[in-house]
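Chemist: This is the structure I want to talk about, given as structure tokens.
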């Protein structure tokens, strides 16, 4: 069996896109010659002269939270900062290659996205996660949710089966449901050095699959790096084993990776303050020794659909992401865009493309920004873990945490509920205690494919150190959380 | 029968949205008190300190095509223009009510859109097309296509019937198909003073509907102002008659209005140049005497779904529009957003909201901008018609045009193909001639619900004067078009 086109859904294959304003499809009559300078009375596209915006200046920072430094420093430093103007100018009309001007960025555009930005995403993947085959490409999305929904539409017809990590980004379940697919949970190994997915469980599940009950799975959905909610990251060796299963049992891997570029070193007690970015990695070291390889890098046939987003590394409000996949899959995803919902905002594409190309200097410059984000996230992660490690609840063995290798999530385990017969009820009561202490967390049981399947592994909260405004809030959150657990425990496991 | 909720699709009604990071749904235990200053370890939202953009300056023009005046004028005037700085500054953090700052605009947001912009669209509708009932609201979309697709999803289950003007914006047919609906064409009256829809045809169709063949229609889709492609506008009296049919036969009206605010006076020979906007209307005169009332204004129950967009009046690349509908419909459209694709780009929302509120001064200021657009479009329309009226083809009676009362489309009729037995084949051949003369137009037969139903009315092209760069191109396009038709005719109706 070669290729993966037999795994594309009937619905996706059946879509045809065409535009009523295109040239007639019949052959031109004899003697027809195209005009050298044709004019348009066809498309309903307003000329860019109707756009009220003449140009846009985007003013940037050099590193995350720079505005807090500005705010904290004296007026003297502030004016110094302002002198060093750090901005890009987006014109109505520009002839610079690879930059988008407003006459393009604010105009109707192809659903797959503007070419300079698509090419950037392809160059970015070649640098970070080069696929092991050739006929792949990138298509823009309006963020990871849109990407996942489109991936589901591309693969699943009603009744098809998708394997999903038992604790997961639950909106995926709605997207697979939209396409009519049935989600089957895969056990996660929650021990501290786990790869996430319980390999033996998955292998047995596939080996003993009863096709009289359900058709064999068409795809596995996995957040392989900094898994949501558990934070686990699959090693390259582990991915090779999973990929072999995908080949043997002929299924697609949907690899969702919203923040895997935020690799995190092993815990060490935090010393620096949040603005100290001097110790960050060199790009070479990062790419060779820290960034976990994607499934793309072991995929020699196009069996992987990789879903990325600019939400976590640039900003969520852009509503901008992209999918890397084999060309036949990209084609049906493009048809979905043309027949269901159009593409991403051209304004968002223009700002991201030009910030990256005009200011940061392309792929490597963008990665340098990612390294600064990574340094800040790494500091935050260590600060949160440090606060937990120093807590009475931890020292008494009431709680444990899993030190994540990437991303923004930490598994916070309630050890004394490990084998409790009423885990979910107690976790719900504990959550009220945590909330009353003034911190919100996500209970694992809210993020299951099937709560009853996962009950005995639901004694954890997902913690996220991304939204905090500053170091103080992270430390304070950790204290409140561990104090709440301690009081709950000392009160006889009651509120 | 009261209300319209019985017309909502089963699919849309069945959708439930919830977020895994929300508070537990159970009752809090006795003694629970919420914390006064809660901190977040829950949502996976990056703090705005991670956003690389610190602020944005949006530089505006005072009137359409101002940049061409600048370009044409001397350097002296240019620097004068530049001195009068016409821009808005969008900050990372702002406390100004009704303005969006980047910490909100670039962050995750509700799928229905940011509150200030939703409220603007509601205030705008109250000023221009006040609905005749109370329980309506606005929800943002990623443009008219997204709005139409969501309207179809909200109404149609597989096998439902939707009535569609026989010549139409054909992407609608894909959206209704996505929901499984069957589109039935409604005849258009193509005579010069028509309202578009052939009322008698529609009334008879409904009166004699055979429910043993197809279920009775659930909705009528109409572009009631500046119809696409024909350019017709329905009068208020005509809309009242159609609305009565909707009540009598219990169907929804999907009113698609992308550019109806661009009202156009009756043709007069163009004198002024394109930059002369002095003769534009006062706002009061425009609202009272020029703007055609929407179906909303005669809708006392919520039977109308109005689909608007910022594409034609601001810019298409924003991917931003909105829907005005009865609250139960808005609710299922919101659920679609939460379970299928997320909302519009927050960056686009921020730019549009702040340009309109911070610079133009809200609803009336925005309408003043629309009046400037209208003056430019009106000039362009008259210029194109003038060129056609002056042509030999017109003077010989070979062609006719319909003077549109709104929008951006003109019906250009090929009179000598009126009763031709091979209309479509000849129109296709004529199109090649037109293309060889260096102008592209859209043939009516490309925009039919059912080409065979509409064959005898397909002897026209749709002309659009929106994309041209300047007056010269409009005149030149009209000349090329009429010359091509003349040659085709003189060559024995052959290429």
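Chemist: How much length is gained on full extension from residue B:37 to residue B:204, taking 0.36 nm per residue of separation minus their Cα-Cα distance?
Modeler: My answer for the length gained is 53.6 nm.
Chemist: Just to confirm the numbers: residue A:403, label point 7 angstrom along the Cα-Cβ line, distances to the other copies in nm, shortest first?
Modeler: Copy-to-copy label distances for residue A:403: 8.1 nm.
Chemist: Across the residues of A:389-396, average count of Cβ atoms on other protein chains within 10 Å?
Modeler: Averaged over the peptide's residues, the number is 0.
Chemist: Taking the Cα centre of each part, how many Å lie between region B:320-378 and region B:29-48?
Modeler: 32
Chemist: Step by step: find N for region A:374-489, compute 2.2 N^0.38 Å, then divide the Cα radius of gyration by it. What's the final number?
Modeler: Here the answer is 1.02, to two decimals.
Chemist: Evaluate the distance, in nm, between pseudo-label points positioned 7 Å from the Cα of residue A:267 and of residue B:30 along their respective Cα→Cβ axes.
Modeler: 3.8
Chemist: Continuing with the same structure: Partner chain Cβ atoms within 10 Å, averaged over the residues of A:418-430 - can you pull that number for me?
Modeler: Partner Cβ neighbours, averaged per residue: 1.
Chemist: Another question about this same structure. How big is the protein assembly as shown by the Kirkwood estimate over distinct Cα pairs, in Å?
Modeler: The answer is 30.3 Å.
Chemist: Label-to-label distances across copies for residue A:19, with labels 7 Å out along Cα→Cβ, in nm, shortest first?
Modeler: Once sorted, the set of distances for residue A:19 reads 3.6 nm.
Chemist: Can you tell me the 0 to 90 degree angle between the C-alpha axis of helix A:327-339 and the longest principal axis of chain A, rounded to 10?
Modeler: 80
Chemist: Give me B:483, A:48 sorted ascending by neighbouring Cβ count inside 10 Å, so fewest comes first.
Modeler: B:483, A:48
Chemist: Could you work out the mean count of beta carbons from other protein chains within 10 Å of each residue's beta carbon in B:101-110?
Modeler: The mean count of partner-chain Cβ atoms within 10 Å per residue comes to 3.
Chemist: Using per-residue counts of other Cβ atoms within 10 Å, averaged over each peptide, order B:56-62, B:302-308 from highest down.
Modeler: Taking the mean over residues of other Cβ atoms within 10 Å, the ranking is B:302-308, B:56-62.
Chemist: At what distance in angstrom do the alpha carbon centres of region B:415-490 and region B:87-134 lie from each other?
Modeler: First find each Cα centre; the distance between them is then 42 Å.
Chemist: Going 7 Å from the Cα of residue B:63 along its beta-carbon direction, which residues of region B:452-495 have the amide nitrogen within less than 11 Å of the resulting point?
Modeler: Counting backbone N atoms under 11 Å from the label point, the list is empty.
Chemist: Give me the one-decimal nm value for the distance between modelled label points at residue A:287 and residue A:400, 7 Å along each residue's Cα-to-Cβ direction.
Modeler: Roughly 3.8 nm, to one decimal.
Chemist: Now for a separate question. What spacing in nm lies between the two simple spin-label points modelled at residue A:193 and residue B:10, each 7 Å away from Cα in the Cβ direction?
Modeler: Here the modelled spin labels are 5.4 nm apart.
Chemist: Along Cα-to-Cβ, 7 Å out, sits the label point; list in nm, shortest first, how far the one on residue B:119 is from those in the other copies.
Modeler: 4.5
Chemist: I would also like to ask the following. So what's the angle, to the nearest 10 degrees on a 0 to 90 scale, between helix B:471-490 and the longest Cα principal axis of chain B?
Modeler: 40
Chemist: Quick one: Cα convex hull volume of chain B, Å³ per residue?
Modeler: Spelled out: Cα convex hull of chain B, divided by residues, is 182 Å³.
Chemist: What does the highest-first list of B:436-444, A:199-207, B:119-127 look like by mean Cβ count within 10 Å?
Modeler: Peptide ranking by packing, descending: B:436-444, B:119-127, A:199-207.
Chemist: Only helical DSSP H runs with n ≥ 4 go in: add -39500 (n - 2.57) per run for the protein assembly as shown, normalise by residue count and round the 222 nm mean residue ellipticity to 500 deg cm²/dmol.
Modeler: It comes out at -10500 deg cm²/dmol, rounded to the nearest 500.
Chemist: Taking the Cβ-Cβ separation of residue A:115 and residue A:368 as r and a Förster radius of 30 Å, what is the calculated FRET efficiency to the nearest 0.05?
Modeler: 0.80
Chemist: Given a Förster distance of 22 angstrom, what is the FRET efficiency for residue A:389 paired with residue A:470, based on the Cβ-Cβ distance and rounded to 0.05?
Modeler: So, using R0 = 22 Å, E works out to roughly 0.60.
Chemist: Another question, if that's okay. Can you sort A:264, A:140 by how many other beta carbons sit within 10 Å, fewest first?
Modeler: Fewest-to-most Cβ neighbours within 10 Å comes out as A:264, A:140.
Chemist: What ranking do A:232, A:322 get, fewest neighbouring Cβ atoms within 10 angstrom at the top?
Modeler: Ascending number of Cβ neighbours within 10 Å: A:322, A:232.
Only the coordinates and a few stated rules stand behind these numbers; no lab work does. Being a predicted model, the structure only gives us computed values, none of them experimental. For neighbour counting, all protein chains shown are included, and Cβ atoms are generated from backbone atoms with ideal geometry for every residue, glycine included.
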